[in-house]
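Read the structure below first, then the notes.
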Amino acid sequence: MSLPTPPAVQSDDGASIESMKQVVRRIKFESELDLEFGERVAAKAYGQKLLSCIQCGTCSATCPLSHYMDYTPRKIIAMTREGFREEVLNSLTIWLCSSCYACQVQCPRQIHITDVMYALKREAISLGFYPRRLPIPVLAREFFKRVLKDGRNTESWLLISLYLRTNPFRMLKEAMLGLRLFVRGRLTVGRERVRRRDQLRAILTPERPKNGGLVK
Amino acid sequence: MPGKQTNGEIRIGFYVCHCGHNIGQTVDVKAVAAYAEKLPHVVVAREYKYMCSDPGQELIGEDVRASKLNRIIVASCSPLLHEHTFRTAVEKAGLNPFFFQMVNIRENVSWVHTDTAAATQKANDLVRAAVHRVAHHVPLEKKHVAIDPAVLVVGGGIAGIHAALTLANAGKKVTLVEREATIGGHMAKFDKTFPTLDCAACILTPKMSQVKNHPNITLWTYSEVASVEGFVGNYTVRVRRKPRYINEELCVGCMECIEKCVYKEGKTSDEFNVGLSKRKPVYIPFPQATPQVVLIDPEVCIEFKSGKCKKTCVEACDRDAIDFKQKETVEEIRVGTIILATGFKTFDARRVPVYGYGKYPNVYTSLEVERLVNASGPTGGELILRDGRRPKTVGIIHCVGSRDKNTNRWCSRTCCMYSLKLAHLLKEHTDAEVYNFYIDIRAAGKTYEEFYDKLLEENIHFIRGRVAEVTDWAVRPSEEGRLVIRAEDTMIGIVRRVPVDMVVLAVGMEPQTDAGDVRRLFNISCSTEGFFLERHPKLAPVDTFTDGIFIAGACQGPKDIPDSVAQAGAAAAQALALIDRGEIELEPNTAYVEAELCSGCKTCLGLCPYHAITRNEELKKAEINEALCKGCGTCVAGCPSGAIHQHLFEDDMIFSELSGLLEPQPADCC
Amino acid sequence: MNEQQPQPAPSWEPRIVAFFCNWCTYTAADLAGVSRLRHAPNARIIRVMCSGRVDPQFILEAFARGADGVLLGGCHPGDCHYMEGNYKTLRRMELLKRMLAQFGIEEQRFRLEWISASEGERVKTVINEMTEQLRTLGPLALPRRFADWDKELEPLAHALASTEEAAHA
Amino acid sequence: MTYLYYPGCSLRSTGRAYEESLLTVFRALEIPLKELDDWNCCGATSYVSIDETDAFALAARNLALAEAQSSDGSVQLIAPCSACYLVLSKTERYLEDYPDVNAKINAALDRAGLRYHGKVDVRHPLDVLVNDFGLEKIAKRIKHPLTGLEVACYYGCQTVRPFATYDHPQYPETMDKIVKVLGAEPIDWPLKTRCCGGSLTGTIQEAGLRLNRALLKEAKGRDADLVATCCPLCQHNLECYQPRINRMYDEDIDIPVAYFTQLMGIALGCDERELGMHRLMKKPSLKHIMHPKGASANAW
């Protein structure tokens, strides 16, 4: 999976990406919006702080990844607040967020931006909104399954299953690195497991609802 | 003469106010009136749209006459707002004004609840309590105290100066106390003032010398208020006058001593130039300082440190004004009213380390830039950066320490405008490209928007986006050796990196560091932010909760010069109103002793902070001096024999309020 | 967020009597009003000039008359409008708290809070918290308990009376 | 007081050298450390993308275990991996701050016969070493000062924000202080907390690699001899992708990336193998620095 093409933007380190030249009709009718979306997400992301956003753009400017995003984090918040549900859930932005919390500690309204992104990721995963073969949700799922099973995650197994499900060719590309790690004892083959897996099974939600709980 | 009524048959008139929709939308006002009508002793129960209006007040008078009412209850807003209004109405109707009780069903009920049934229930409970209580009310005489016409003004910035001059011009004696060695405050440091761009010194220094020369003003600089005792009209204030080690009477401000000081160059950071230059141990804050008297800093003066200085300054002074033995003195004055104009402090930019202040030399605060562009500033008005360069590009970052819940959540109100002003001045001085990084431009004063317009036409850049960081991290050759500002241009929706030579941080306004101590000293309140709290945000903006103490200028909240001056004038007018009335009416809520019950145990003596209680050794009874009593009631609650009472807050009044509030409910009985 | 606790009777609502000092806490309650800070409608405010005026008897009387909780609000230590009234309050209320404990009245039923004129938010929080706590504790219902005790005593009184009668006879 | 130690999954595979050096250093400083028995994965950043309640519950099991396995009043749980540190402290904080989270999670724990009372303090080794043990005590045990070594201290993101209280979230100095005590020179650079992209190097690789390129270039540009990290994922990203970055962006980056604990171990005179130095792709060359006067170089 390579990076999709955002509009003409230049990144910090000087990479230029081609611009799109297309006539696009852009208008939004109020009837197309999900007007409760903002409040629902706000409730999921601890406190109603999301609603107090003043659109200052600090989040976008602190974000080390915003220049790869189709919408800057500030726009995601504005769109969430205003009910642009589909655009938000289809955006690449929420997947590019690497949870570094840079925006959150500087936000002048103390919005839990990372929690907002998590809430949106959960919603997108549960509704199947994310692009096919986008490795991030797959990684999340594989990780989830592995931990559910063993209680611990063995990185080598995780990566193998990730590449199998997204891009098997990637595996060949990574083989060299894998080998270098392996000879240094940094890729373990034995699976780490928790003894009391019964406890884990008891703790985790017995029946998984199909969605993250935002819709409905 | 009102006040003759006795506690014979109780006839209560009850009025409930809709306050437009303010009460009516949450409380079922009609139901409250109907409920009150059925309560014992209630003769008349009415609802009305606005009880505080003239017809509302007249309603009371008509009913008193027609129905021979002798107690009045109004259920409306907070007694802190309209108790006085209704007491006056009751008095006008021919009753003693204290035959009145107010029920707060707006601030305490309709504005804080949403459920009509619960709110109406609560209103009914409160009304019942008042009905029980008012029966115990007795006629009281009002208390009056005389107002001493002298005024104390604390703080010699533009607000303090303006207030002092207004009062002095009205013929009142004013003592102006300033902590620094000169008056002038922040305004004296500014270069030009927005939006007219007239020079701050040109309009301020004449007022400063007027203060110095006014026959009605006593100016004490380098002085601080040490204690305040007394009450409205009669305050005793002690002022600590710090030693300047210069005889203020003798010094003429020739500055020969500074010239001749053994220090050839200044070595101490100059406070007036916010650290951008150095001063000597003997110095004057700035050439037009008022009073024009030098002072010696004992922290750095060799004579104070070692006692072995050649004392060239003493030789230089032909008026023998230098006095190394000068001691701190404490002066006591009596005043009737006090105006606090203690100003603000600028936000410490180090608290936002992402902007690099204190780390990168070419990051400046706005106050530093005021000095830097000032013709009498450290560079003589030449814009030379700390590294010796002249800037070709300048970035001004707005809202530093404002509108930010991590530092100060309030808008400092002045930064947008002074940033525009600095942008203009910087462009004028250097012809640099100037970028403003802002969240919103707040130009809401007279001709402020026009000034903004002018700046736009000067082709100043306005980027709407709060800056995330200022770094020396260069990713392009054009960024090498410069400061890079990173912000999202939210209008365009793209993150930008703007390399600049100079960064100006538009720091916000904060309460003074010791605002809490000052507040305690004068017994007033602060808002959560730490600014002094006005009595009412709209209707009493310069009054405080302590009678006779007024506030003006930025100590009450961020303010620009026009607003500070307007408030200073208002505070002076309020003080004048008190002085010219000559006396003030006080709540007759003082405590008194029922001699028969007093056992002379002396418990109460230690409870009174005002020494109002003494023990009559002959009668072996406590006695209360009503002139000294402030009416807190602490002795009343503490008297083991129940011998002390308090007007307006008698035990039986409070017990009856309780019995009214807690009338048995179905759940209580069997 | 605050999950409703199960209520003892569907109609029962905790009743709180709040003694607020004129200068700080009452003003804060006004500020809560002006700022439209919605909160539980369970408190009834009685205004006094200073928390120092509040006689512990007022509080006992409030409980005896059916209050489920009593809240006393004054200025922060060091901020009293009358210099030190709130210190006197603190001293008295410490004693009162010990006494209430001996009566078996739960400590959450009486609360002393310092709330300054600017802390409207605090008024809201304290009243909400206290209402929730009282909901969990259930009714104190002293008037009913008094009545029950009286009823328990009735046979005894009868017995006494009849013994007396017998003695007379 | 004994510290409980929560290794986390990474320290058992790609980050083995971190675990080895950490344990060795704590042994050398005689700080007692006991591994949390039967710990489970913290959930990292992925788990919360699927189910938040489960993510908290998973982390909370570790907190409950820690509480049960310690007799101290407040339980000190050391989590060296950034993600573990963040997730555990976040769980701890949210359990305290949000009653609804607390109710849900304790109900989940209850199903497994566990309970959490809020006594655990989640700590990062940086915090423990500087604020509990103390720099002066470290200084006293230095055998081979790393004189002349210029180190770019790289904190990454989650060890310093948003839940850490021991240092500034953007301009931390704890590691710099340690490095200074070791005798080395921490360089001043503005990217010390700029994200390395985390798992993006494995998913959206271009974005991930660019982030690492910027970090490495800046460290190199400021003449750092070495990048010191405190997170297994940061170390992996910064170290392992250097060849690929050079290939894709025509760069010439070749800078060693080590754990700060490895540097400490060397200065404290620990055995190289016990510090997992052999697991690094490129070993920092420290010989000339450590033994400027040709002293015997047994460790090197």
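Below are the figures for this structure:
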| item | result |
| --- | --- |
| Candidates D:Lys143, D:Lys137, D:Lys192 - the one that is in a helix (DSSP H, G or I) and either open to solvent by 10 Å² or more (accessible area, probe 1.4 Å) or farther than 28 Å from D:Arg12 by Cα (or both) | D:Lys137 |
| Residue in the range D:158-174 that is farthest from D:Tyr259 (Cα to Cα), counting only those that are open to solvent by 20 Å² or more (accessible area, probe 1.4 Å) and touching a residue at least 12 places away in the same chain (Cβ under 8 Å) | D:Phe163 |
| Only listed residue being outside any strand (DSSP E or B), within 11 Å of another protein chain (Cβ to nearest Cβ) and under 20 Å from B:Thr26 (Cα atoms), chosen from B:Ala118, B:Ala130 | B:Ala118 |
| Matching residues, the range C:102-119, being among the aromatic types (Phe, Trp, Tyr), open to solvent by 30 Å² or more (accessible area, probe 1.4 Å) and modelled with pLDDT of 90 or more | C:Trp114 |
| Residues of the range A:86-110 that turn out to be within 12 Å of chain D (Cβ to nearest Cβ) and of a type in the set (D, E, K, R), as a count | 0 |
| Every residue from the range B:139-178 that is under 20 Å from B:Ala201 (Cα atoms) and among the charged types (D, E, K, R) | B:Glu178 |
| Identity of the residue in the range C:52-63, part of a helix (DSSP H, G or I) and at the interface with another protein chain (Cβ under 9 Å from one of its Cβ atoms), that ends up farthest from B:Pro664 (Cα to Cα) | C:Gly52 |
| Test for D:Leu200: is it surrounded by fewer than 24 Cβ atoms within 10 Å (Cβ to Cβ), part of a helix (DSSP H, G or I) and either touching a Ser or Thr at 6+ places or on another chain (Cβ under 8 Å) or acidic (Asp, Glu) (or both) | no |
| Residue in the range C:64-81 that is modelled with pLDDT under 95, surrounded by fewer than 24 Cβ atoms within 10 Å (Cβ to Cβ) and not in a loop (DSSP other than H, G, I, E, B) present | yes |
| Residue check, A:Leu162 assigned to a helix (DSSP H, G or I), over 27 Å from D:His168 (Cα atoms) and open to solvent by less than 10 Å² (accessible area, probe 1.4 Å) | yes |
| Options B:Lys621, B:Lys630; residue that is among the charged types (D, E, K, R), within 11 Å of chain C (Cβ to nearest Cβ) and surrounded by fewer than 23 Cβ atoms within 10 Å (Cβ to Cβ) | B:Lys630 |
| Whichever residue in the range D:43-77 is over 30 Å from A:Leu96 (Cα atoms) and of a type in the set (Asp, Glu) and, among such residues, is least open to solvent (accessible area, probe 1.4 Å) | D:Glu67 |
| Residues satisfying the stated conditions in the range C:64-79, i.e. more than 8 Å from chain B (Cβ to nearest Cβ) and free of Cβ contacts under 8 Å to residues at least 40 places away in the same chain | C:Pro77 |
| Condition broken by B:His82, with the remaining ones in (1) at pLDDT below 95; (2) outside the structural domain of B:Thr26 (by TED's automatic domain parsing) satisfied | (2) |
| From the options B:Thr182, B:Thr196, residue that is surrounded by 22 or more Cβ atoms within 10 Å (Cβ to Cβ) and part of a loop (DSSP other than H, G, I, E, B) | B:Thr182 |
| Criterion violated by A:Arg186 - all others in (1) open to solvent by less than 40 Å² (accessible area, probe 1.4 Å); (2) facing another protein chain (nearest Cβ under 8 Å); (3) at pLDDT below 80 satisfied | (3) |
| Selection from the range A:153-170 of residues that are within 8 Å of chain D (Cβ to nearest Cβ) and touching a Phe, Trp or Tyr at 6+ places or on another chain (Cβ under 8 Å) | A:Asn153 |
| Residue within the range C:14-36 that is of a type in the set (Asp, Glu) and within 30 Å of D:Asp97 (Cα to Cα) present | yes |
| Residue among B:Pro541, B:Pro499 that is of a type outside the set (Asp, Glu) and outside the structural domain of B:Thr430 (by TED's automatic domain parsing) | B:Pro541 |
| Test: residue in the range B:60-72 that is closer than 23 Å to C:Met49 by Cα, under 37 Å from the mean Cα position of the chain (by Cα) and at pLDDT 95 or above | yes |
| From B:Gly156, B:Gly61, B:Gly94, residue being part of a loop (DSSP other than H, G, I, E, B) and touching a helix residue (DSSP H, G or I) at 6+ places or on another chain (Cβ under 7 Å) | B:Gly94 |
| Residue that is assigned by TED's automatic domain parsing to the domain that holds D:Ser46 and at pLDDT below 95, where the choices are D:Ala64, D:Ala68, D:Ala79 | D:Ala68 |
| Conditions (1) closer than 30 Å to B:Ile73 by Cα; (2) open to solvent by less than 40 Å² (accessible area, probe 1.4 Å); (3) within 13 Å of chain C (Cβ to nearest Cβ): number failed by B:Pro664 | (2) |
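This table checks each residue for (1) open to solvent by less than 10 Å² (accessible area, probe 1.4 Å); (2) under 24 Å from B:Arg65 (Cβ atoms).
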{"site": "B:Asn96", "(1), (2)": "yes, yes"}
{"site": "B:Met102", "(1), (2)": "no, yes"}
{"site": "B:Ala118", "(1), (2)": "no, no"}
{"site": "B:Gln121", "(1), (2)": "no, no"}
{"site": "B:Ala129", "(1), (2)": "yes, no"}
{"site": "B:Val134", "(1), (2)": "yes, yes"}
{"site": "B:Val138", "(1), (2)": "no, yes"}
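For every residue, the table says whether it meets (1) assigned to a loop (DSSP other than H, G, I, E, B); (2) away from chain A (no Cβ under 14 Å); (3) surrounded by 22 or more Cβ atoms within 10 Å (Cβ to Cβ).
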| position | (1), (2), (3) |
| --- | --- |
| B:His429 | no, yes, no |
| B:Ala444 | yes, yes, no |
| B:Leu456 | no, yes, no |
| B:Ala468 | no, no, yes |
| B:Ala487 | no, no, yes |
| B:Arg496 | no, no, no |
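The values are calculated or read from the model by the stated rules, or taken from the named source; none is laboratory data. Here the structure is a predicted model, which is why all the values come from computation and not from measurement. Methodologically, a virtual Cβ is constructed for each residue, glycine included, from the backbone with ideal geometry; neighbour enumeration extends over all protein chains shown. SASA here: full protein model, heavy atoms, side chains in, ligands and nucleic acids out. Shrake-Rupley method; radii C 1.70, N 1.55, O 1.52, S 1.80 Å.
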